[in-house]
1. Take the eigenvalues of the Cα gyration tensor for the protein assembly as shown, scale each by 5, and report the square roots as semi-axes in whole Å, largest first.
2. If R₀ is 22 angstrom, what is the calculated FRET efficiency for the pair A:Leu100 and B:Glu87, using the beta carbon separation as r and rounding to 0.05?
3. Where the label is 7 Å out from Cα toward Cβ, how close does A:Lys79 come to the same position in every other copy, in nm, shortest first?
4. At a threshold of 8 angstrom on Cα-Cα distance, excluding pairs fewer than six apart, so keeping six or more, what relative contact order does chain B reach in percent?
5. Among all the aspartates and glutamates, which ones have a C-alpha under 18 Å from B:Lys64's C-alpha, if same-chain residues fewer than 8 places away are not counted?
6. Provide a whole-number value for the mean count of partner chain Cβ atoms within 10 Å of the Cβ atoms in peptide B:103-116.
7. Amide H of A:Ala66 versus every other amide H placed in the peptide plane: which residues, excluding those fewer than 5 positions away on the same chain, fall under 5 Å?
8. Across the stretch A:122-132, in residue order, what do the Karplus-derived ³J(HN,Hα) couplings come to in whole Hz, using 6.51 cos²θ - 1.76 cosθ + 1.60 with θ = phi - 60° and x for Gly and Pro?
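The values are calculated or read from the model by the stated rules, or taken from the named source; none is laboratory data. All values reported here derive from a predicted model rather than from experimental measurement. Don't worry about glycine lacking a Cβ; one is built from the backbone with ideal geometry, like all the others, and counts go over all protein chains shown. Side chains are part of the model used for accessible areas, which takes the heavy atoms of the whole protein and leaves out ligands, DNA and RNA. Shrake-Rupley method; radii C 1.70, N 1.55, O 1.52, S 1.80 Å.
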Number of protein chains: 2
Amino acid sequence: MARAQTLSRNQQIVLDIIEKAKGPLKAYSILFNVQKKGINAPQQIYRALDKLIGMGKIHKIESKNAFVACRSSDCEISKATAFSICESCEMVDEISDTKLSKYLSGFNHKKGMKFKRFNLEFFGICKKCKKD
Amino acid sequence: MARAQTLSRNQQIVLDIIEKAKGPLKAYSILFNVQKKGINAPQQIYRALDKLIGMGKIHKIESKNAFVACRSSDCEISKATAFSICESCEMVDEISDTKLSKYLSGFNHKKGMKFKRFNLEFFGICKKCKKD
DNA sequence: TCAAATATGTTATATTATAACAAACGTTAT
DNA sequence: ATAACGTTTGTTATAATATAACATATTTGA
Ligand SMILES: [Zn+2]
Ligand SMILES: [Zn+2]
Ligand SMILES: [Zn+2]
Ligand SMILES: [Zn+2]
């Protein structure tokens, strides 16, 4: 049974770093940031990342091979994720839109496939970057 | 100006392999498949892949780091992609659903971001795998 | 308390992707 | 034709991302 709340030492360290970050973090950049805390090997990072993803604490931005903290509180199991990604500054924002989520969760493929999960990534230029 | 139709030698070789494949192909698997045709280096594959993606001839399945041929005919510029992915057999099917595409193309973020492009990946177990 | 499950540490290696540079090729304008 | 330009190719090297495998330690719960 998956422990819903308690995080192990390494999981907590990795989560802390991701939560403090302003944008998505890459695995090796996390690694470099925690070497002072005694974590030395990629495995340790990837193991923590896997568990945190499983718990819905973080999400992987597939198009960037990077990780962000979940801000949605209601996506404990991350089976319906949507992100807004700025192609200029790399900012990532988790989209929490009930209508969108319902629409996509109810979408079923003509070919008879029933979906369990989806991930949606929107790309554009964010407000901040547009001004420059 | 991007040549809309003519493919270079390597681009054609890579596209042929991807189109003949039943499922998504990985870059290095493409490479191993074309070494008999005189292509020896990853760069040659990745360059062709980049161009083919730019032309909308193929798409990258971000969650798998793999490539599929476009079957939609109408996505010359691939700015609105959606896929159905079986978590058991790895089958990938491009979803071509006008309503879905319109819904998502019209979706705009509360925070004032105007989207230029999206990629949606649905996951589940396909019909064929369910029978087993 | 003791077995099972989970987490850690560590070394090595696999997989995916890009950098950098030189040479060849295809177009088009003179 | 030929010079100039952009695109494609070939090639070597290396960077970045991710997993395998194995030994040990810690936590959990019957
Ligand atoms: Zn979330
Ligand atoms: Zn931006
Ligand atoms: Zn397509
Ligand atoms: Zn299947």
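1. Values: eigenvalues 194, 108, 87 Å².
Taking √(5λ) for each eigenvalue gives 31, 23, 21 Å, largest first.
2. In this case the efficiency is close to 0.45.
3. Reported distances to equivalent positions: 3.4 nm.
4. Values: 162 pairs, mean separation 27.2, N = 132.
Across chain B, relative contact order equals 21 percent.
5. Candidates past the 8-residue exclusion: A:Asp50, A:Glu62, A:Glu121, B:Glu19, B:Asp50, B:Glu87, B:Glu90, B:Asp93, B:Glu94, B:Glu121.
6. Numbers: counts 5, 6, 0, 0, 9, 3, 9, 5, 7, 4, 15, 6, 7, 5.
If you average over the peptide's residues, the count of other-chain Cβ atoms is 6.
7. When sequence neighbours closer than 5 places are left aside, the close amide H contacts are A:Ile61.
8. 9, 10, x, 10, 6, 3, 4, 6, 5, 5, 5
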